[in-house]
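Participant: Okay, handing you the structure first.
The values are calculated or read from the model by the stated rules, or taken from the named source; none is laboratory data. Everything quoted here is computed from the prediction, not taken from an experiment. As a convention, Cβ positions derive from the backbone with ideal geometry for all residues, glycine included, and neighbour counts pool all protein chains shown.
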Amino acid sequence: MRGVFLKAARIFRVIFALAFFLFISAQFLDVYNDLPKWYYKYNPAWIQFTPSFLRAVSGAALASAWVFICLVLLSLVFGRAYCSFLCPFGILSDILRRAALLPSRLPLLRNSALGRKCGRLFGKMSFAPARNIVRAAFLLLAIFFVAMGWTALLGFIDPYSLFGKVAGGMLHTVSGYAVNVLSDVFYSFGIYSVEPTAGSVAIPVLSFLVSILILIALFVASAFRGRIFCNTICPVGAFLGILGKFSLFKMRIDESACVKCGMCARECKAQCIDFKNKTIDSSRCVDCFNCASVCRKDAIYFGLGIGRGKSRIAANRAPVGGVSASAGAKGKGENALSCDLGRRAFAPRLTGLLLALFGAARADAQGLRRRRRRLGGGDCADDDNNVSAFSLPGNRPDKRLTVPPGAGSIDNFLEHCTGCQICVAACKAHILKPSVGEFGLAGFMQPFMDYSAGFCLDTCHDCSKVCPTGAINFVTKAQKRNIQIGRAIFNEDLCVVKRDGTDCSACGEHCPAQAIEMLPFGEKEKNLYIPHVHKEVCIGCGACEYICPVVPHKAIVVRGLAVHRQAKTFSDNMRIYRPERDTLQKKPSVGGEKTGKGGSGPAGANPFPF
Amino acid sequence: MKRREFVAKTAAAAAAAPFAGNLFAAEADSSKPVDMVALAGGESAKAMFEKGIAEMGGMSRFVKKGDSVVVKPNIGWDRPPEFGANTDPQLVGAVVKACFDAGAKEVLCFDHTCGNNWAERYEVSGIKAEVEKAGGQMVGGNTQNMYVKCAIPKGKRLHEALVHRLAVNPDVFINMPVLKHHSGAKVTCALKNYMGCIWDRGYWHRNDMPQCIADYATFQKTTLTIVDAFRVMLTDGPRGKSPDRSPIAKYQIISTDIVAADAAAVKIFASVAAANNMGKPYDLSEITYVALAEALGVGTADISRLNVKRVSMA
């Protein structure tokens, strides 16, 4: 009976996980940027563990922590179900493992050399002792990163961010390129049904390589050792493992029914079933139900931990002795020690240490950041030194990097962004690109706004819709249009109007905020106009910088703000030049040959002014 | 609203004047083909086009059976039709339909929009819906692979350009600009609309833009120019700040001569600007690219040399 139930549960798990994986991948596959609105209501990235934790620690209100609390409660009831059902990196690991096993399972290849080799290499899992010191170390490291505000580094051990790096760097880029190549081929035959992407999906080569590297590493790890990442490096796995130990429901072995055949251990991708001692390490079990579905004796069940009494827990503890005995024989005593430490003092010690470390490090890191900001603003002082500290090599030194509207400040962005690349995939203008040094080494793969690739569109607020970590908080389109993320700095001496004495106004025509006013310039006969920036109106979208034709250094660039501000809305009384006044004075010359008659306009006796 | 009412009322008054329609229509020499039809006071840009193209001798004068027609409206900006920042969508739809009625094999429509989100601009402008309703096809213009290098032998500053594939030697090419204010070119219309046919606009901006506009016009085949001046954006162009900067003026020009179309458009702009006391009524001499194009032999800015039909619609 319970066997049937768990077989069904396993099928449900596979279907659910696959559906969820596709659902969260949709954002990265959305190369045309037209996911429906409801998608963002149920944004799957929003319920990811680390992002929800970052939101929880950044917001003072309980409201920002509810997802995190729900996930903790879920784990206290069901153990590490999150890892099998909701973690895209874990699901990806399962998918890759299946892919590695495919040759040995396909009827066509099963008996070929390749099939046999894959089966031999990857087919059989076996119990492995827990690496609790490593797990604790990575968990501490993760907490340390959060405390210091080094979330970009956290993004290299956090499973969701690693998935994002793979999906954003590989899935999105490759599918975007595929669409473009397809469209190019079709277009050359005069078929215009496949549209190319709007803007370039290109990302820096280095970040693309990192994505490939992560994917390959996960493939190798999953093929040989299943969920080894989840049970050594993953800080979420380590944390949920602690909760899993105390969870209400766990996978358990019915000792009376078990015949120690070892089938379950062969199927256990978490390598946590010690069938010889008839125990399952629930700190590593990810609730995949594979073991139960292969058990012919129905000896594995998903049962209540409480009420079963001490005997169960005692049985659960048995591996300590068992492992140390067997491991001792193999000369690995320290493993047993680590298990012991993990069991007795891990949780309370960790909590105490964390709290102390967290508070101290966070305060210190913020002090550091403030100092850096002062230094950064110093050499191009704006009204109040509210200037981004990050310049772009090869650009004008007064050009400074911006972060998207909704981020609030550069610090907030850098302290919360784990580099999951979801905003890179969502950016309609394709200007959010993973940085490879623009934000320093500690900001590797945190996205920056690349105004050489386009400009932030005033009709789009997609990055604020998708960001799950609180790096970019949600803003409406209307709010976004008035958020000043930077200010345009115009250098007259570089402008073609002054330099060559010819018309341009590319910046003026692109400005969505009317922050650039074209003023008469030079001799009147030449009829030239030169841009003037209304600083308080500028929102820093980068349209002027993108379109400015001057090479190599743009005549107009955006200087990012360290802390975003509210922009003023342009009103006509801010106008410096008023052509209407000129008009009234020289009305007789209006029009052309035949319109002299009393300035009749479009609808006098003759509606045609020619 | 006030201004619009004013324009609409005065336009109606003019049209209601006795023999007005006949007077202007009578100017054209009926023995020669009409070079330009100027229309005023129509109900919609679409209705004006339908009247105007009939006066031109029907679309079949320009589109032969089996022709591949390329329509190039202005779809530069993410602004809905009432801003007057893009060509009137119904007008574009009507042109596409007229081309099919004349026997066109296919009608393709594109623009190199300002900003990467071209698909959105096609939609927001309303042009995509109308073109597709009429059976036409929208083609992207914002990826470099769509552009081919072409020599501009008659160009003074512009000697070569990356030109959109569809603009290179089509059977029929219909230029459909919208008349509006432009912060750089002052007034933008037919000649300036060709900046949406090329890839590297920056080169033009930094190398004497008016001259480049004129240079390119020597290269681009133009069968017909249809100027949409139903709404005329008088200030804050070319993107537009709000619909009230684009009063309804109810003009349209259909011309075989692109330079003459621009010359007429500039004069319409000036008179609409003066009537609304908004924007600057530019003199034709201020819009330098028109004279530069004329000097290169693209067409004539002297409208009196053409066989013009002026139609005032009630």
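Participant: Among the residues of the stretch B:71-88, how many are surrounded by fewer than 23 Cβ atoms within 10 Å (Cβ to Cβ) and in a helix (DSSP H, G or I)?
Facilitator: 1
Participant: Scan the stretch A:450-472 and tell me whether some residue there is among the polar types (S, T, N, Q), more than 10 Å from every other protein chain (Cβ to nearest Cβ) and not in a helix (DSSP H, G or I). Please lay out each step first, then the result.
Facilitator: Here is the first cut: in the stretch A:450-472, the residues among the polar types (S, T, N, Q) are A:452, A:459, A:464, A:469.
This time we only want the ones that are more than 10 Å from every other protein chain (Cβ to nearest Cβ), so: A:452, A:464, A:469.
With the extra rule that they be not in a helix (DSSP H, G or I), the set shrinks to A:452, A:469.
Looking for residues that are among the polar types (S, T, N, Q), more than 10 Å from every other protein chain (Cβ to nearest Cβ) and not in a helix (DSSP H, G or I), one finds at least one in the stretch A:450-472, hence yes.
Participant: Collect the residues in the stretch A:124-161 that are in contact with a Lys or Arg (Cβ under 8 Å, 6 or more places away or on another chain) and surrounded by fewer than 16 Cβ atoms within 10 Å (Cβ to Cβ), keeping them in residue-number order.
Facilitator: Across the stretch A:124-161, the qualifying residues are A:Lys124, A:Ser126.
Participant: Which residues, counting only those in the stretch B:96-128, are among the basic types (Lys, Arg) and in contact with a helix residue (DSSP H, G or I) (Cβ under 8 Å, 6 or more places away or on another chain)? Break it down stepwise before answering.
Facilitator: Here is the first cut: in the stretch B:96-128, the residues among the basic types (Lys, Arg) are B:97, B:105, B:121, B:128.
Scanning the stretch B:96-128 gives a single hit, B:Lys128.
Participant: Okay, next question. Only one of these conditions is not met by B:Val131: (1) under 25 Å from B:Asn207 (Cα atoms); (2) away from every other protein chain (no Cβ under 11 Å); (3) not basic (Lys, Arg). Which number is it?
Facilitator: (1)
Participant: Which residue pairs have Cβ atoms closer than 9 Å, lie 6 or more positions apart in sequence or on different chains, and pair a first residue in the stretch A:455-470 that is farther than 18 Å from A:Gly419 by Cα and assigned by TED's automatic domain parsing to the domain that holds A:Gly419 with a second residue that is crowded, with 24+ Cβ neighbours inside 10 Å and charged (D, E, K, R)?
Facilitator: If the second residue must be crowded, with 24+ Cβ neighbours inside 10 Å and charged (D, E, K, R), the pairs left are A:Phe455/A:Glu545; A:Leu457/A:Lys428; A:Leu457/B:Asp78; A:Asp458/B:Asp78; A:Thr459/A:Lys428; A:Thr459/B:Asp78; A:Cys460/A:Lys428.
Participant: Still on this model: For A:Cys544, are the conditions met, namely being more than 10 Å from chain B (Cβ to nearest Cβ) and under 20 Å from B:Lys192 (Cβ atoms)? If you could, list the steps in order and put the result at the bottom.
Facilitator: Numbers: more than 10 Å from chain B (Cβ to nearest Cβ): yes; under 20 Å from B:Lys192 (Cβ atoms): yes.
Yes, satisfied.
Participant: Before we move on, is B:Val107 touching a residue at least 24 places away in the same chain (Cβ under 8 Å), outside any loop (DSSP other than H, G, I, E, B) and surrounded by 24 or more Cβ atoms within 10 Å (Cβ to Cβ)?
Facilitator: Working: touching a residue at least 24 places away in the same chain (Cβ under 8 Å): yes; outside any loop (DSSP other than H, G, I, E, B): yes; surrounded by 24 or more Cβ atoms within 10 Å (Cβ to Cβ): yes.
Taking the combined requirement at face value, the residue satisfies it.
Participant: OK, next. Can we say A:Pro196 is closer than 30 Å to B:Glu132 by Cα, buried (at least 21 other Cβ atoms within 10 Å of the Cβ) and in the same structural domain as A:Leu29 (by TED's automatic domain parsing)?
Facilitator: On the way: closer than 30 Å to B:Glu132 by Cα: yes; buried (at least 21 other Cβ atoms within 10 Å of the Cβ): yes; in the same structural domain as A:Leu29 (by TED's automatic domain parsing): yes.
Yes, satisfied.
Participant: A:Thr476 fails exactly one of the following numbered conditions: (1) under 17 Å from the mean Cα position of the chain (by Cα); (2) within 25 Å of A:Leu29 (Cα to Cα). What is the number of that condition?
Facilitator: If we test A:Thr476 against (1) under 17 Å from the mean Cα position of the chain (by Cα); (2) within 25 Å of A:Leu29 (Cα to Cα), just (1) comes out false.
Participant: Any chance the stretch B:213-228 includes a residue that's in contact (Cβ under 8 Å) with a residue 40 or more places away in the chain, in contact with a strand residue (DSSP E or B) (Cβ under 9 Å, 6 or more places away or on another chain) and facing chain A (nearest Cβ under 10 Å)?
Facilitator: Initially, the stretch B:213-228 is screened for residues in contact (Cβ under 8 Å) with a residue 40 or more places away in the chain, giving B:213-228.
After this cut, where a residue has to be in contact with a strand residue (DSSP E or B) (Cβ under 9 Å, 6 or more places away or on another chain) as well, the list is B:215-216, B:219-228.
Applying the additional criterion that residues be facing chain A (nearest Cβ under 10 Å) yields none.
Within the stretch B:213-228 (the criterion being in contact (Cβ under 8 Å) with a residue 40 or more places away in the chain, in contact with a strand residue (DSSP E or B) (Cβ under 9 Å, 6 or more places away or on another chain) and facing chain A (nearest Cβ under 10 Å)), the answer is no, since none of the residues qualifies.
Participant: Turning to a different aspect of this structure: If only one of A:Asp254, A:Asp281 is buried (at least 24 other Cβ atoms within 10 Å of the Cβ) and closer than 25 Å to A:Phe12 by Cα, which one is it?
Facilitator: On the way: A:Asp254 fails: buried (at least 24 other Cβ atoms within 10 Å of the Cβ).
Result: A:Asp281 is the single residue among A:Asp254, A:Asp281 that is buried (at least 24 other Cβ atoms within 10 Å of the Cβ) and closer than 25 Å to A:Phe12 by Cα.
For every residue, the table says whether it meets (1) among the hydrophobic types (A, V, I, L, M, F, W, C); (2) under 15 Å from the mean Cα position of the chain (by Cα); (3) more than 9 Å from every other protein chain (Cβ to nearest Cβ).
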position: B:Thr256; (1), (2), (3): no, yes, yes
position: B:Ala291; (1), (2), (3): yes, no, yes
position: B:Thr300; (1), (2), (3): no, no, yes
position: B:Ile303; (1), (2), (3): yes, no, no
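Participant: Mind telling me which of the residues A:Val236, A:Val286, A:Val201 ends up being touching a residue at least 12 places away in the same chain (Cβ under 8 Å), within 30 Å of A:Ala453 (Cβ to Cβ), not charged (D, E, K, R) and not assigned by TED's automatic domain parsing to the domain that holds A:Ile431?
Facilitator: Values: A:Val236 fails: within 30 Å of A:Ala453 (Cβ to Cβ); A:Val286 fails: within 30 Å of A:Ala453 (Cβ to Cβ).
So the residue among A:Val236, A:Val286, A:Val201 that is touching a residue at least 12 places away in the same chain (Cβ under 8 Å), within 30 Å of A:Ala453 (Cβ to Cβ), not charged (D, E, K, R) and not assigned by TED's automatic domain parsing to the domain that holds A:Ile431 is A:Val201.
Participant: Just give me the residues in the stretch A:418-439 being farther than 21 Å from A:Ile214 by Cα and in a loop (DSSP other than H, G, I, E, B), in sequence order.
Facilitator: Listed by number, the residues that qualify are A:Cys427, A:Lys428, A:Ala429, A:His430, A:Ile431, A:Glu438, A:Phe439.
Participant: Please find, within the stretch B:181-214, the residue that is nearest to A:Ala515 (Cα to Cα) out of those that are at pLDDT below 95 and among the charged types (D, E, K, R).
Facilitator: Applying the filter and picking the extreme gives B:Lys186.
Participant: If A:Ala513 satisfies every condition in (1) in a strand (DSSP E or B); (2) under 27 Å from B:Arg79 (Cβ atoms) but one, which is the exception?
Facilitator: (1)
Participant: If you scan the stretch A:547-593, which residues turn out to be modelled with pLDDT under 65, surrounded by 13 or more Cβ atoms within 10 Å (Cβ to Cβ) and in a loop (DSSP other than H, G, I, E, B)?
Facilitator: The answer is A:Val590, A:Gly591, A:Gly592.
Participant: Moving on to the next point. Going residue by residue through the stretch A:169-177, is there one that turns out to be in contact with a strand residue (DSSP E or B) (Cβ under 9 Å, 6 or more places away or on another chain) and either buried (at least 19 other Cβ atoms within 10 Å of the Cβ) or under 23 Å from A:Gln27 (Cβ atoms) (or both)?
Facilitator: Pass one, the stretch A:169-177, residues in contact with a strand residue (DSSP E or B) (Cβ under 9 Å, 6 or more places away or on another chain): A:169.
From what's left, either buried (at least 19 other Cβ atoms within 10 Å of the Cβ) or under 23 Å from A:Gln27 (Cβ atoms) (or both): A:169.
Within the stretch A:169-177, one or more residues are in contact with a strand residue (DSSP E or B) (Cβ under 9 Å, 6 or more places away or on another chain) and either buried (at least 19 other Cβ atoms within 10 Å of the Cβ) or under 23 Å from A:Gln27 (Cβ atoms) (or both).
Participant: Then there is this: Can you tell me which condition A:Asn111 does not meet? The list is (1) in a helix (DSSP H, G or I); (2) polar (S, T, N, Q); (3) modelled with pLDDT under 95, and all the others hold.
Facilitator: (1)
Participant: Could you please let me know if B:Gly115 is small (Gly, Ala, Ser) and either modelled with pLDDT of 90 or more or within 18 Å of B:Pro89 (Cβ to Cβ) (or both)?
Facilitator: Values: small (Gly, Ala, Ser): yes; either modelled with pLDDT of 90 or more or within 18 Å of B:Pro89 (Cβ to Cβ) (or both): no.
Considered against the rule, which asks whether it is small (Gly, Ala, Ser) and either modelled with pLDDT of 90 or more or within 18 Å of B:Pro89 (Cβ to Cβ) (or both), B:Gly115 comes out as no.
Participant: Do any helices (runs of 4 or more DSSP H) lying entirely in the stretch A:21-104 carry at least 3 residues that are touching a residue at least 60 places away in the same chain (Cβ under 8 Å), and which ones are they?
Facilitator: Numbers: elements: A:37-41, A:49-58, A:66-78, A:81-85.
Per the criteria, A:49-58, A:66-78, A:81-85.
Participant: Sticking with this one: Would you mind finding the one in A:Cys291, A:Cys230, A:Cys261, A:Cys272 that is closer than 23 Å to A:Cys70 by Cα and either modelled with pLDDT of 95 or more or assigned by TED's automatic domain parsing to the domain that holds A:Gln48 (or both)? Spell out how you get there, then give the answer.
Facilitator: Values: A:Cys291 fails: closer than 23 Å to A:Cys70 by Cα; A:Cys261 fails: closer than 23 Å to A:Cys70 by Cα; A:Cys272 fails: closer than 23 Å to A:Cys70 by Cα.
Sole residue among the options that is closer than 23 Å to A:Cys70 by Cα and either modelled with pLDDT of 95 or more or assigned by TED's automatic domain parsing to the domain that holds A:Gln48 (or both): A:Cys230.
Participant: Sticking with this structure for a sec: Out of all the residues in the stretch A:160-189, which are free of Cβ contacts under 8 Å to residues at least 60 places away in the same chain and not aliphatic (A, V, I, L, M)? Outline the logic, then answer.
Facilitator: As a first pass, look at the stretch A:160-189 and keep what is free of Cβ contacts under 8 Å to residues at least 60 places away in the same chain: A:170, A:173-174, A:177-178, A:180-189.
Scanning the stretch A:160-189 gives A:Thr173, A:Tyr177, A:Asn180, A:Ser183, A:Asp184, A:Phe186, A:Tyr187, A:Ser188, A:Phe189.
Participant: Within the bounds of the stretch A:486-508, is there any residue that is of a type in the set (Asp, Glu), touching a Cys at 6+ places or on another chain (Cβ under 8 Å) and within 14 Å of chain B (Cβ to nearest Cβ)? Working first, answer last.
Facilitator: Keep residues of the stretch A:486-508 that are of a type in the set (Asp, Glu), which gives A:492-493, A:500, A:503.
Filter once more, keeping what is touching a Cys at 6+ places or on another chain (Cβ under 8 Å): none.
No, the stretch A:486-508 has no match at all.
Participant: Is one or more of the residues making up the stretch B:53-69 within 14 Å of another protein chain (Cβ to nearest Cβ), aliphatic (A, V, I, L, M), in contact (Cβ under 8 Å) with a residue 40 or more places away in the chain and under 23 Å from B:Thr188 (Cβ atoms)?
Facilitator: no
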